[in-house]
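**Q** Take a look at the following structure, please.
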Amino acid sequence: MASSNTIEDRSSRGVKRVKVLEAAAKALNQHGVSQTSLAAIAEGVGVSRAALYYYFYDQQDLVFQCYSQSCERMVESLDNAALGRDAPEKINRFVDFLLAGDAPECAALSEIAFLRAEQQDTILGLLESVRARLAGVLDEGARRGELRPCRSGVVAASIIGLISWLPTARRLPTSRELNQDDLLESVQSLLRIGIAADRRAPIAYQVLEFSSMSFPARQVFDAETMAAARREAVTAAASWLFNLKGVDATPLEEIALRLGVTKKVIYHNVGDKETLVAECYRRAFQFYEEIARSMEAYEGPGVDALCAGAHALAEASLREDITPLALVTGLEALPERAREEIQISSERLRQMYLRVYAAGQADGSIRKVNSQAMMNIIPGSFEWLPKWFEAFDAFDHAAAPREVAELLRLGLKPL
């Protein structure tokens with residue numbers, strides 16, 4: 001029989017492990033895998049680095065355990081949600097359990113490809129089971145008339161994306177005046193009834209047109225133009241792979257292989273990996289601002305402009321020739337100049353989005369919402385879609401942009 005001291009020792013070790021994993025999750029979300037050291041985590045929780053090896057074999061095991069804990073919390077949240085009276089309450093309980101102010105921060109599952117093959121299979125299996133169970137709640141709710149019909153697999157992925165996005169949203173410069181309750185309330189409100197003032201009005205937004213960078217034939221001999229074309233090719237390929245596999249899990253060699261060039265060509269046209277990541281973020285924000293300008297110039301109700309923008313961003317995220325690098329983790333690991341540029345661009349985007357929300361509320365198409373909080377959470381509905389690229393079938397790929405736009409406009413409540 002174990003002594004009381006042995007039981008207490010095991011209990012204290014269990015509590016310490018939870019604290020270590022919580023600290024590790026925050027560090028991974030802030031800095032990414034490559035910039036998250038065992039030494040920094042040890043210092044943060046007040047243990048020696050050697051003591052951490054009691055909990056983790058190596059950095060891969062650290063990431064694996066953080067990701068496992070995040071998935072287990074999602075499963076626990078689904079179990080808690082199952083106690084709800086109906087589908088809307090189940091969705092609400094699922095979100096609240098994971099995002100309430102006293103809930104520990106989950107690690108964003110952005111670097112699954114960093115793990116060993118068997119670890120990847122475990123995490124992907126857990127994540128897919130969460131999506132399937134959540135989709136089942138959506139389907140059940142639609143059958144009972146408690147929720148509007150939707151393509152449940154896509155919408156379940158968007159809900160998981162909203163939850164996974166919140167740690168990043170809290171750290172954006174545009175969230176500095178918001179607290180966790182503001183963001184949680186906006187997520188719940190969005191999922192319940194969307195942003196439209198009149199949810200029964202016809203959905204008739206015009207899809208925004210955009211295309212990958214192209215160059216007129218007459219410019220093919222212009223050295224500066226062709227250099228820009230090569231940079232675009234490199235950053236587009238890198239953004240696609242980074243979104244699918246994670247920044248730290250994607251070596252330059254893999255990007256070069258995708259392009260059919262050598263790693264030296266990437267160095268010559270863009271630079272080292274740190275420079276490439278910064279360039280991919282710069283490219284992403286240029287695209288975000290392009291869409292935002294199109295929204296401001298949109299001829300029609302403000303709610304249609306926002307839906308058209310969400311549709312465009314979701315569509316772009318699933319196109320390998322366009323996809324902007326998703327802001328998921330590691331922003332604080334970027335060079336200072338890149339962070340400053342993102343902050344400046346974020347502020348421009350904030351002002352543009354707030355003007356669109358204000359115009360929509362003025363024309364009566366957008367209900368009264370916390371515009372600042374809403375604009376900060378919305379990216380979660382599409383930023384994480386690339387992570388589901390291989391899990392989606394052709395119908396999901398085609399349906400995802402409109403599903404995201406309709407979720408923004410209508411939420412899940414029946415019409």
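**Q** Measure off 7 Å from each Cα along the Cα-to-Cβ vector at E289 and D181, then give the distance between these two points in nanometres to one decimal.
**A** Simple spin-label model gives 3.6 nm for this pair.
**Q** Each label point is 7 Å from the Cα along the Cα-to-Cβ direction; what then is the distance between the points at S48 and R200, in nm?
**A** About 7.1 nm separates the two model spin labels.
**Q** Can you compute 3J(HN,Hα) from phi for each residue in region 90-102, using the Karplus curve 6.51 cos²θ - 1.76 cosθ + 1.60 with θ = phi - 60°, rounded to whole Hz and x for Gly and Pro?
**A** Taking θ as phi minus 60°, the curve returns 4, 4, 4, 5, 4, 5, 4, 4, 8, 10, 4, x, 8 Hz for region 90-102.
**Q** When only DSSP loop residues count, what trypsin sites (Lys or Arg not before Pro) in region 138-178 have their Cβ near at most 12 other Cβ atoms within 10 Å?
**A** Numbers: sites: R143, R144, R151, R170, R171, R176; in loops: R144, R151, R176.
Listed in order of number, the matching sites are R144, R176.
**Q** A follow-up question, please. Considering only S381, S158, S77, give the residue with the highest GNM mean-square fluctuation for the chain, with springs between Cα atoms whenever their separation is below 10 Å.
**A** Largest GNM mean-square fluctuation: S77.
**Q** How much length is gained on full extension from Q60 to L259, taking 0.36 nm per residue of separation minus their Cα-Cα distance?
**A** On the way: separation 199, 0.36 × 199 = 71.64 nm, distance 2.82 nm.
Taking Q60 through L259 to full extension adds about 68.8 nm, to one decimal.
**Q** Please rank V63, V47, fewest neighbouring Cβ atoms within 10 Å first, as an exposure proxy. Intermediate values should be presented prior to the final figure.
**A** Details: V63 27, V47 16.
Fewest-to-most Cβ neighbours within 10 Å comes out as V47, V63.
**Q** Exposure proxy check: T174, T250 ranked by fewest other beta carbons within 10 Å?
**A** Working: T174 19, T250 22.
With the fewest neighbours first, T174, T250 line up as T174, T250.
**Q** So how do L331, L162 line up by other beta-carbon neighbours within 10 Å, fewest first? Write down the numbers at each step before the final one.
**A** Values: L331 19, L162 27.
Ascending number of Cβ neighbours within 10 Å: L331, L162.
**Q** Between V18 and T275, 0.36 nm times their residue separation minus their Cα-Cα distance comes to what?
**A** Values: separation 257, 0.36 × 257 = 92.52 nm, distance 3.53 nm.
Gain in length upon complete extension: 89.0 nm.
**Q** Now for a separate question. In a Debye calculation with equal point scatterers on the alpha-carbon sites of region 31-152 and no solvent, what is log10 I(q)/I(0) at q = 0.19, 0.21 Å⁻¹?
**A** Relative scattering, expressed as log10 I(q)/I(0), comes to -1.04, -1.16.
**Q** Which value results for Rg/Rh of the chain when Rg is the Cα radius of gyration and Rh the Kirkwood radius based on the inverse mean 1/r?
**A** On the way: Rg = 22.0 Å, Rh = 22.4 Å.
Here Rg/Rh amounts to 0.98.
**Q** Output the relative contact order of the chain, whole-number percent, from Cα pairs under 8 angstrom with separation of 6+ residues.
**A** 24
**Q** When the Karplus curve 6.51 cos²θ - 1.76 cosθ + 1.60 is applied with θ = phi - 60°, which whole-Hz ³J(HN,Hα) does each residue of region 239-256 get, with x for Gly and Pro?
**A** Residue by residue, region 239-256 yields 4, 4, 5, 4, 5, 6, 10, x, 5, 6, 8, 10, x, 4, 4, 5, 5, 4 Hz.
**Q** May I pose another question? Between S317, S68, S34, find the one with the highest GNM mean-square fluctuation for the chain; connect C-alpha pairs within less than 10 Å.
**A** In this elastic network of the chain, the residue with the biggest mean-square fluctuation among S317, S68, S34 is S34.
**Q** Here is a further query. If a paramagnetic tag sat 7 Å from the Cα of D321 along the Cα-Cβ line, which residues of region 196-211 would have the backbone N under 20 Å from that point?
**A** Within reach of a label on D321: 207-211.
**Q** Highest GNM mean-square fluctuation, the chain, Cα pairs closer than 10 Å: which of Y281, Y55, Y357?
**A** Y55
**Q** Separation of region 104-132 and region 394-415 by C-alpha centroid, Å?
**A** The distance from the Cα centre of region 104-132 to that of region 394-415 comes to 25 Å.
**Q** Return the sequence-ordered ³J(HN,Hα) values of region 81-87 in whole Hz as given by the Karplus equation 6.51 cos²θ - 1.76 cosθ + 1.60 applied to θ = phi - 60°, using x for Gly and Pro.
**A** 5, 4, 7, x, 5, 9, 4
**Q** What FRET efficiency would be calculated for the residue pair R171, D363, taking the C-beta separation as r and a Förster radius of 41 Å, to the nearest 0.05?
**A** Values: r = 33 Å, r/R0 = 0.80.
So the FRET efficiency works out to roughly 0.80.
**Q** Take T225 and R144, extend 7 Å from each Cα along the Cα→Cβ direction, and tell me the distance between the two endpoints in nm.
**A** 6.1
Each value in this text was obtained by applying a stated rule to the coordinates, not by laboratory testing. Note that this is a predicted model, so its numbers are computed, not measured. Cβ atoms come from the backbone with ideal geometry, glycine included; neighbour counts cover every protein chain shown.
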